[in-house]
Amino acid sequence: AGALASSEIAIADGANFDVSARTSGFRLATGQNLEVAGTGLFTGTLGVGSDTTAETITLSDNLNLASGSALLFDLGATGDQLAVTGNVSAAGSISVHLNFLAGFTTGTYTLMSAALITDPGLFALDETGLLEGYNYNLLTSGSSLQLAVTAIPEPSTYALLAGVLTLGLAVWRRRARR
């Protein structure tokens, strides 16, 4: 394991910051800035902040992601957010990984915002390790990447609804006979 203590990490035009050999990828710490110039490229898994709290990290430039790269977000009562003041581009499919913290609940989490996200359809949710009992829907637009989380009703809820409908039908039929 290693870390970059510098507050500024610059990827020069044409350079590639490749962390794909690191199983845990690379996490930007609070106060760190990743600057990507021109065609500079990030390859591997990019995480936001520590893995114990939800944080917002702001990048003051563009973010260019190599095909097959991944983004890692922590979700609890609030969620990590990557705020990119420039554009986000992807050279191919990008996997979105989730790490669940205490306080995780249903709702809409804004994972990333940018001036422009080119090809937002290239972002896909990695379903490995998702908590059961929830539906997850990745919402992409030209300027944001969000995750909508809804609870899946318990089977007993469906049984209750079926019972109410059956009772309602019986009352309706009884009234119709009179």
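Summary of values
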quantity: Residue list for region 1-34, restricted to those being part of a strand (DSSP E or B) and either aliphatic (A, V, I, L, M) or open to solvent by less than 70 Å² (accessible area, probe 1.4 Å) (or both); calculated: 9, 10, 11, 17, 26, 27, 28, 33, 34
quantity: Residue check, residue 77 assigned to a loop (DSSP other than H, G, I, E, B) and at pLDDT 90 or above; calculated: yes
quantity: Set 60, 89: member being under 20 Å from residue 9 (Cβ atoms) and buried (at least 16 other Cβ atoms within 10 Å of the Cβ); calculated: 89
quantity: Residue 71 vs. criteria hydrophobic (A, V, I, L, M, F, W, C), farther than 28 Å from residue 150 by Cα, at pLDDT 90 or above and open to solvent by less than 10 Å² (accessible area, probe 1.4 Å); calculated: no
quantity: Exclusive hit being under 17 Å from the mean Cα position of the chain (by Cα), open to solvent by 70 Å² or more (accessible area, probe 1.4 Å) and not hydroxyl-bearing (Ser, Thr, Tyr), set 103, 107, 121, 79; calculated: 121
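The values are calculated or read from the model by the stated rules, or taken from the named source; none is laboratory data. Since the structure is predicted, the reported quantities are computational estimates derived from the model, not experimental observations. As a convention, Cβ positions derive from the backbone with ideal geometry for all residues, glycine included, and neighbour counts pool all protein chains shown. SASA here: full protein model, heavy atoms, side chains in, ligands and nucleic acids out. Shrake-Rupley method; radii C 1.70, N 1.55, O 1.52, S 1.80 Å.
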